[in-house]
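These notes are about the structure you will find just below.
Computed from the coordinates by the stated procedures, all read-outs in this text should not be read as laboratory data. All of these numbers come straight from a predicted model, not from anything done at the bench. Cβ placement follows ideal geometry from the backbone for every residue including glycine, while neighbour counts extend to all protein chains displayed.
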There are 2 protein chains.
Amino acid sequence: MSDAPAGISRLFEPRGVAVVGASPHPDKIGNRIVANILAGGYRGRVWPVNPKGGTILGVPAVTSIDAIDGPVDVAAIAIPSDRVHDAVVACGKKGIPYLLVITSGFSEVGNVAEERRIVAAAREHGVRVVGPNIFGFYSVTASLNASFGPKDIRPGRVAIVTQSGALGVAMIGKTAAEKIGLSAIVSVGNKADVDEADLLEYFRDHEGTRVILLYVEGVKDGEKLVRGLRAATARKPVVVIKSGRSKRGAVAAASHTGSLAGSDEIFDDVMRQCRVLRAETVKEALALCKLFASAPAPSGENAVIVTNAGGMGVLATDACEKYGVRLYDDHEELRRVFAPMMPAFGSTKNPIDLTGQASDKDYQGAFRAALAEPKIHAVIGLYCETAMLDVARTTPLLVEADAAFRDGGKPLVFSMYGGERVEQGLAALRGAGASAFDEPYDAVQALGALFRHRAWAAEPPEPEVVPEIDAARISAIAEKARADGRRFLLAAEAAAVLDAAGIPRPKARIARRIDAAVGFATEIGFPVVLKVVSRDILHKSDAGGVALDLDNAQEVVDGFEAILANCRARAPKARIDGVEVCEMVAKGVETIVGARRDASFGPVAMFGLGGVYVEVMKDVTFRALPFGRREARGMLKGIRSYPLLLGVRGEAPRDRDTTVETILRVGAILERCPEISDIEVNPLVVYEQGKGARAVDARILLVEAPGGRAGSGG
Amino acid sequence: MSDAPAGISRLFEPRGVAVVGASPHPDKIGNRIVANILAGGYRGRVWPVNPKGGTILGVPAVTSIDAIDGPVDVAAIAIPSDRVHDAVVACGKKGIPYLLVITSGFSEVGNVAEERRIVAAAREHGVRVVGPNIFGFYSVTASLNASFGPKDIRPGRVAIVTQSGALGVAMIGKTAAEKIGLSAIVSVGNKADVDEADLLEYFRDHEGTRVILLYVEGVKDGEKLVRGLRAATARKPVVVIKSGRSKRGAVAAASHTGSLAGSDEIFDDVMRQCRVLRAETVKEALALCKLFASAPAPSGENAVIVTNAGGMGVLATDACEKYGVRLYDDHEELRRVFAPMMPAFGSTKNPIDLTGQASDKDYQGAFRAALAEPKIHAVIGLYCETAMLDVARTTPLLVEADAAFRDGGKPLVFSMYGGERVEQGLAALRGAGASAFDEPYDAVQALGALFRHRAWAAEPPEPEVVPEIDAARISAIAEKARADGRRFLLAAEAAAVLDAAGIPRPKARIARRIDAAVGFATEIGFPVVLKVVSRDILHKSDAGGVALDLDNAQEVVDGFEAILANCRARAPKARIDGVEVCEMVAKGVETIVGARRDASFGPVAMFGLGGVYVEVMKDVTFRALPFGRREARGMLKGIRSYPLLLGVRGEAPRDRDTTVETILRVGAILERCPEISDIEVNPLVVYEQGKGARAVDARILLVEAPGGRAGSGG
């Protein structure tokens, strides 16, 4: 039996490693893993396990897990799938806390039961399983390459977690070729137990890791992932590639890994909420990682473009707008800094155009000036092949500039454009660790990520807000509906839930007599609406049971009498319980505030403008619950139609505070009431600033079985 | 004196070339040009012109242009800017039809006057000027490299026109390094005379050119460009990179080339109208060109992904949705085609997943099967580095597949992902002419362009429609307003313009007596609105001069009397001219239809949904005028809020025919009436299909000086 569950650091810094299924045959995975461990320079002891014993690659094998005679924290299991379960049990009994189940043939091919059985056995023995269906992992701290992937892994500061094994193996090669060093790469495969969130816990605190890259196809426990990402991004940048973003791609991902790919819109919004940099392509992701791993964080937001080709400068300027890089704009300062080394016809406006006449010295001078100037915080160096510049001579200067910027605490990115010689120069520059591209857009995109992470890091973390609501009352309403065999609430029940949650509704009271109606109307404030209350009258308007827009006491008296007379005439048998006196809902901006339990992320909140904005323009935004007020305000700003809340055409701004509060309260219902699965307040009519909002209607659904989401205490 | 203006083919196939400013000094531009011409293998005669005579690079120089003794169709001029004018005149007298003014120092540095003087001299002598401020040009047909750029230009089938000289020079190197062959590259610099449209005329018909790439910073004569692009894209694909798309970038572009960068939204819409493929980056543009230059056009729209890594397949699937590539979906057919060569665990669903176990033979088999199957029209081959595949052995098979697909008339694109060895394989594959990338998104993007061009080519060209309107009457209205010293039309004038253009307005007639008002109301159809007509009453409502929503003759009688009584009481001194009987405008979808004279593109039409859709959501679309009905319908479909015209929430579809007709008629006003500069019909209220639309209000502006736009005949 193992001790108490071991900290995740034992996976990355194991005292000993067992390879179950180690083989003397070089074409076997179990041989390759032992070979990689040995070649990688692992300093702990490796224990090949093979029933036949002997030596494997010069290391004596033990005949069983039980026969291992020393501390072992990781076992790589590479044996046929039907024997994995027994090996897991044996490892558990031996007290090996982390198991890498290399073997495939489990849930990814539909064999879900066996995978569950393995995880259950692992849990029972207090051990953790990475995989199954993985290539293994690498840890720079332990110099441990426990994988059947490439032998050569370039050590460095980028940690990669990949759900796709094949892509991960290829990434090892690609990163080495691109001179991107890894602090770790972990193949998580089917994620039966250990997932990205578990690994983030280690990488977050791991000093040797400066940036974390996740390749994700499907999210299993989104709430855990969100917590893990939030904690990690507070410390260091996290880049995520999420494939299966298209509908068709999601189907392909599901068939490939057996995990459900969630809605891409929600994923995208939640990643932004977690301050995660989402990359579309693997190439973009690795470029970001390389820059984060090597470049200093910018100390301000002023960037400068240095170029020898105006056209490239224009393209880079376009890219700066696209990727949110702010170009420094103080023309006088720029002239002061750069004029001394400008060639004829050059421009000291940003982009700094050294012109096609630029020499090596001009570049050197411009880079030095930019580095020395405290008001400049980052530089984009563009190089276009010309007759004036000898790439072979310029490249060392660029390498030198790159090193100087790194020492000087400023990021510098390059784009070099031209023929074969430029490609050689680029390769040399990249080899020296620089972030150099053959396309200015790529350079600016990487730099933009640095600035975005900087902006996020500058925002203080904010506490989550879950307003106090009368959860007991809501639960009682839900239980009653469920007892009726319903999974939805009736209008009156939904209204009561809004009241219990403190969400403002149009004021209303039921009057049985005229004088009470007048009193209520005065209390509520004119104009009011009267509506007959009768369980026997379904269509109130048809029965003449509604009177709109009543402006004073006399009109209320007249309206009340008219309603009673109408109903008596048109529905003579109906029992009248009274007349509802309602606040008249004035015109305002119609919004939708919702919350639901997402299959991937658990409770999420939704906000958008009502009507066609949501239906036609799909102008909505999502956040994983719970969150704070700033995040809720961010939801308002996150929709394209936000200007309507700010007030257009001279209109006064809308009551954003009440809108934010309503989002938080709707969220609180899901957080505190496990019986509720969906709420949609539609419309929430928002008035001018200070005048509040009114939830006119709400649709509320219940979860299928009692108890609500796991872990919510319901 | 020259003969009649020579056809543009004389530029690309000149009988002789003069180099004015040819120099024996190797560091001079005039030397480099001669050297490049000689090295390039030009078969015509080259005439170095140098006042000192002698021989330059072994070629005898003439001492003046006049001294040239043989046919010359092109002269490259590389002498100081203050002597260019005289050289142009001398060339003109000699009858040299095309001049490449290499020299800089003209409008790009503010020296506009001298540039104009040169163009005027050229026009006077019937010669055309390319430049100034260029590096020269290359023509594969003449084996002529008349530039000071790189000596080595890879011949091929891509024609490039570049406004940026430095970028163009670097592109020559880049294309050679990427194994992309050029049929021509022309530096157009300041575009003082010859522009993209002139060159498109040649490339369109040039058999050696399969695809045309334009790098554009600013558009000078957009109408000419649109005509040139439309004619060219009917024959072959055109790719455009337009820099200065951001606001800041536009400023940078203007300072760099002196040309005004227009609104990027208009540029983007007009390029799509011209069926031009717009590339954001130079890299993307060249990738598209390489594929168009080498790959056959797909004969259908079914694409198949073949991969050995599920993750890559998912990413490529996402990319297919993004770039409009349709994945073939017939599972049974796919199984029939691919099952025979699938390894264990492989999937014949598209993506065809050969799995990490895939061998060279599996790839070969899958490619052969896809090529042989008529229902498959294009293939995306993804290769991820694995232990199972030896890149060095696989690459020749991929090269072979690429050649077979080319012969077989199907496009094939690759993405190869992995380490150093994969990069070598990629280089070999590219060297053999394949479109191979290290990122599946890039491969799919290029293939998507092929499909998009195919879809465009399949649409028959449609005639332009400029509806008949009463232009004389509109011009008279405009002249009258101008005589009043106004540049805008009054409401009544604007209404008269709409009537003259046949654009439906709410019906209205002025009645002086009650019986006439009742007659008009019956004619117009109930409900109607009555409004007092009096030059003395500004605010009709305040005077009680408006009666809304009158449903029958009696209500018209009552309303008429009430208006007269009210006005007599509240504005006793006002002279009453009568009462206007107006059609009541029912609720409908509010749209905006506009047209204006764009600084870049001349007359453009605009369409969008009214109110906040335009103001807040910027949901509008533009087209260069004139165009046909399908294009106008495309404008409706081109806005995000198009579903509102189709009918949402069970509403009936809106009258799209009338909307299209209104767009065409508003366009016709600008086309036929040179006095009008801007029209905005806002709102055009559109009713249900068959029920028409009503132009409720229109704002019309006049051009500053009489005569209207150049060449419009006004």
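General observations
- For peptide A:276-285, the mean count of partner chain Cβ atoms within 10 Å of a residue's Cβ comes to 3.
- Using only the C-alpha atoms, the convex hull of the stretch B:399-505 corresponds to 225 Å³ per residue.
- Rg [Å, one decimal], Dmax [Å, integer] - the stretch B:647-696, C-alpha atoms: 13.1, 44
- A straight Cα-to-Cα reach below 23 Å connects B:K52 with the lysines B:K28, B:K93, B:K94, residues fewer than 8 places away in its own chain not being considered.
- With R₀ fixed at 45 Å, the C-beta to C-beta distance from A:V696 to B:H331 puts the FRET efficiency at about 0.40.
- The stretch B:538-586: trypsin sites (Lys or Arg not before Pro) falling in loop per DSSP and having at most 11 other Cβ within 10 Å: B:K573, B:R575
- Pairwise Cα distances in chain B exceed 38 Å for 52 percent of all pairs.
- Spin-label pair A:A231/A:R575, simplified geometry with 7 Å Cα→Cβ offset, distance in nm: 5.8 nm
- Scalar couplings 3J(HN,Hα) for the stretch B:111-121, obtained by applying the Karplus form with A = 6.51, B = -1.76, C = 1.60 to θ = phi - 60°, are 7, 6, 4, 5, 5, 5, 5, 5, 5, 4, 4 Hz; x denotes Gly and Pro.
- Cα centroid of the stretch A:56-97 to Cα centroid of the stretch B:399-467, whole Å: 49 Å
- Where a label projected 7 Å from the Cα of B:A491 along Cα→Cβ would reach, residues of the stretch B:560-581 with amide N under 12 Å: B:580
- Crossing angle, helix A:165-177 versus chain A [Cα axis fit, 0-90 degrees, rounded to tens]: 50 degrees
- Rg of the Cα atoms in the stretch A:360-448, relative to 2.2 N^0.38 Å, amounts to 1.00.
- Gyration tensor verdict on the stretch A:507-584 (Cα atoms; rounded if a/c is under 1.5, prolate if a/b is larger than b/c, oblate otherwise): prolate
- Using every pair of separate Cα atoms, the Kirkwood estimate puts the hydrodynamic radius of the stretch A:305-388 at 12.7 angstrom.
- When you restrict to C-alpha pairs under 8 Å that are six or more residues apart and normalise by the size of the stretch B:448-509, the relative contact order lands at 33 percent.
- Rounded tilt (10° steps) of B:656-672 against the dominant C-alpha axis of chain B: 80 degrees
- Under the convention that each Lys and Arg Cβ holds +1 and each Asp and Glu Cβ holds -1, the size of the dipole of the stretch A:419-552 around its Cα centre is about 720 debye.
- Stretched out straight at 0.36 nm per residue, the stretch from B:Q554 to B:Y642 would grow longer than its current Cα-Cα span by 27.5 nm.
- Every Cα-Cα pair in the stretch A:152-294 was counted, and those over 25 Å apart are 19% of them.
- Over all projection directions, the Cα-based convex hull of the stretch B:626-677 averages an area of 4.1 nm².
- Once the gyration tensor of the Cα atoms in the stretch B:1-149 is diagonalised, the equivalent ellipsoid follows with semi-axes of 21, 17, 15 Å, ordered largest first.
- Distance between the C-alpha centres of the stretch A:29-44 and the stretch A:515-535: 82 Å, rounded to the whole angstrom.
- In sequence order, the stretch A:532-546 has phi-based couplings of 5, 10, 7, 5, 8, 10, 7, 9, 4, 5, 4, 7, x, x, 10 Hz under the Karplus curve 6.51 cos²θ - 1.76 cosθ + 1.60, θ = phi - 60°, and Gly or Pro positions carry x.
- Theoretical gain in end-to-end length, A:D86 to A:A565 [0.36 nm per residue, Cα-Cα removed]: 164.2 nm
- Relative contact order %, chain B, counting alpha carbon pairs below 8 Å whose residues are six or more apart: 8 percent
- Cβ-Cβ FRET estimate between B:V251 and A:E459, R0 fixed at 30 Å, reported to 0.05: 0.45
- Förster radius 22 Å - calculated FRET efficiency between B:K151 and A:D360, Cβ distance, rounded to 0.05: 0.50
- Degrees, to the nearest 10: A:196-205 long Cα axis against longest axis of chain A: 60 degrees
- Cross-link pairs A:K283/B:K410; A:K322/A:K410; A:K247/A:K290; B:K220/B:K247; B:K151/B:K283 - those with Cα-Cα distance over 25 Å: A:K283/B:K410; A:K247/A:K290
- Mean residue ellipticity, 222 nm, helices only, chain B: the sum of -39500 (n - 2.57) across DSSP H runs of n ≥ 4, divided by residue count and rounded to 500, is -12000 deg cm²/dmol.
- Net charge dipole size for the protein assembly as shown [Lys, Arg +1 and Asp, Glu -1 on Cβ; Debye, nearest 20]: 920 debye
- For the stretch B:29-38, 3J(HN,Hα) per residue [Karplus equation, 6.51 cos²θ - 1.76 cosθ + 1.60, θ = phi - 60°, Hz, x = Gly/Pro]: 4, x, 7, 4, 5, 4, 4, 5, 4, 5
- Unit charges at the beta carbon, dipole of chain A: most positive-side option, A:I8, A:C320, A:T659: A:I8
- log₁₀ of I(q)/I(0) at q = 0.18 Å⁻¹ - the stretch A:296-458, Debye sum with one point per alpha carbon: -1.06
- With all pairs of separate Cα atoms included, the stretch B:585-648 yields a Kirkwood hydrodynamic radius of 12.4 Å.
- Rounded to whole Å, sorted largest first: equivalent-ellipsoid semi-axes of the stretch B:567-702, Cα gyration tensor: 29, 22, 13
- Within the stretch B:348-365, backbone nitrogen closer than 15 Å to the virtual label 7 Å beyond the Cα of A:V109 toward Cβ: B:348, B:354-358
- Cα-centre dipole for chain B with unit charges at Cβ (Lys and Arg positive, Asp and Glu negative), debye to 20: 1040 debye
- Dividing the alpha-carbon radius of gyration of the protein assembly as shown by the rule-of-thumb value 2.2 N^0.38 Å gives 1.07.
- Residue closest to axis [chain B; rotation mapping onto A; Cβ; Å]: B:M617, 3
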